[in-house]
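Since the structure comes first, as structure tokens, the remarks are kept for the end.
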Amino acid sequence: MAHEMTEGDGITMSASVIRGMGVCLPQGVVTNDDLVDRFQTSDTWIRTRTGIHRRRWVEPGTSTGDLATVAGAAALTSAGTDADFVLLATTTPDRPCPATAPEVASRIGLTDVPAVDVSAVCSGFVYGLALASSLISSGVCTRPLLIGAEVYTSIIDPLDRGTGVIFGDGAGAVLLERGDEAEPGAVHAFALGSDGSNSDLIAIAAGGSRAPHRDVSASREDRYFRMQGRSVYTQAIQRMTSSCRSVLSRTGWSSDAVEVFVSHQANQRIVDAVGDRLGIDTSHRFGNIAEVGNTAAASLPLAMADTAGREGVVPGARTLLTAFGGGLTWGSVALNWPDVKPIHHLHR
């Protein structure tokens, strides 16, 4: 957070501020009942273990970049301005090389702007917020566009019930610019972390330089997204809770002061456990996992856009966001709830 002298005798604190928000979801809805035969499961089993009722899956041929382009353009329309930097948080880029962000920027109509992918799996949007805020405070850019977008159906094993019922596809985006820390949408503090010693808990083993696709010894399982559910469950609760406490300490907020709490929509039991440990009232917890499932890096912006339409969420409300993902990575951010109207699109 930068210090900025005013024309008067006082000092005002400047901050990065969320000015616009956009969403793109696939048109196709996949209910729990649609997955019963494929995974030999039931609607009750899925709901009780994940909190998910349905999710959105893209049609064949639709990429992360397709969703990101629509969501990013919608965020610019919501903000009423263009961007001068593009950050794309994703686990599912269109191609291993090059990054997807430059093509997305070009398709939106942002000519010659810097653009880069952010790879922190489900924590990507929080990491991206921290990077966007730093770019503003350092003067590198004035209006960064941050997009979280995923097509997880491109990497999950169609035979793996553990991941197949959880993940969905989608994209959400925000446009930030410099403003005053007292404004709605102002970002206050971050707490980020990682633990690479547990990188195997959430991973696709093959396809990188360690195990190239040309390596015929790679098993079928190694070519798909894998997650060690029990260990991830424990780590996610511990890391997000600790990260949130660090951010609250930095802002001087108590848990009781948090009016809006939005966690990465990983699993409803994880979300509930973190909220309970922090002591945040259930009326102040928001999410949409029941309707869209776990959308990884797109999870937080999609949940924020959904929350924006809820009664009782007013601009300027003290807000706490948190996420946990592969790497392992995690992060939390404190901000004022933005005064924006999200623009929603369905991708056909």
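The values are calculated or read from the model by the stated rules, or taken from the named source; none is laboratory data. Quantities reported herein were computed from a predicted structural model and do not represent experimental measurements. When we count neighbours, we look across all protein chains shown, and the Cβ atoms used for this are built from the backbone with ideal geometry, even at glycine.
Things to note:
- Given (1) outside any strand (DSSP E or B); (2) more than 16 Å from the chain's Cα centre (by Cα), index of the condition L129 fails: (2)
- Evaluation of E7 against (1) in contact with a Ser or Thr (Cβ under 8 Å, 6 or more places away or on another chain); (2) modelled with pLDDT under 95 (one fails), failing number: (1)
- One residue alone among S154, S197 is outside the structural domain of G316 (by TED's automatic domain parsing), at pLDDT 95 or above and more than 17 Å from G124 (Cα to Cα), and that residue is S154.
- If only residues of the range 272-308 that are assigned to a helix (DSSP H, G or I), small (G, A, S) and touching a residue at least 40 places away in the same chain (Cβ under 8 Å) are counted, the one that is surrounded by the most Cβ atoms within 10 Å (Cβ to Cβ) is A298.
- Taken together, the criteria exclude G72 from residues that are closer than 18 Å to P342 by Cβ, more than 22 Å from the chain's Cα centre (by Cα), at pLDDT 95 or above and assigned by TED's automatic domain parsing to the domain that holds A115.
- Exactly one residue out of R277, R318, R250 is of a type outside the set (S, T, Y), farther than 30 Å from Q27 by Cβ and touching an Asp or Glu at 6+ places or on another chain (Cβ under 8 Å), and it is R318.
- Residue within the range 263-271 that is of a type in the set (A, V, I, L, M, F, W, C), assigned to a helix (DSSP H, G or I), surrounded by fewer than 19 Cβ atoms within 10 Å (Cβ to Cβ) and outside the structural domain of I155 (by TED's automatic domain parsing) present: no
- For the range 309-348, taking the residues that are part of a strand (DSSP E or B) and of a type in the set (V, I, T), the one that is surrounded by the fewest Cβ atoms within 10 Å (Cβ to Cβ) is identified as I343.
- Of all positions in the range 52-68, at least one carries a residue that is aliphatic (A, V, I, L, M) and in contact with a Cys (Cβ under 7 Å, 6 or more places away or on another chain).
- No other residue among L159, L176, L135 is outside the structural domain of T329 (by TED's automatic domain parsing), part of a helix (DSSP H, G or I) and over 14 Å from the mean Cα position of the chain (by Cα) apart from L135.
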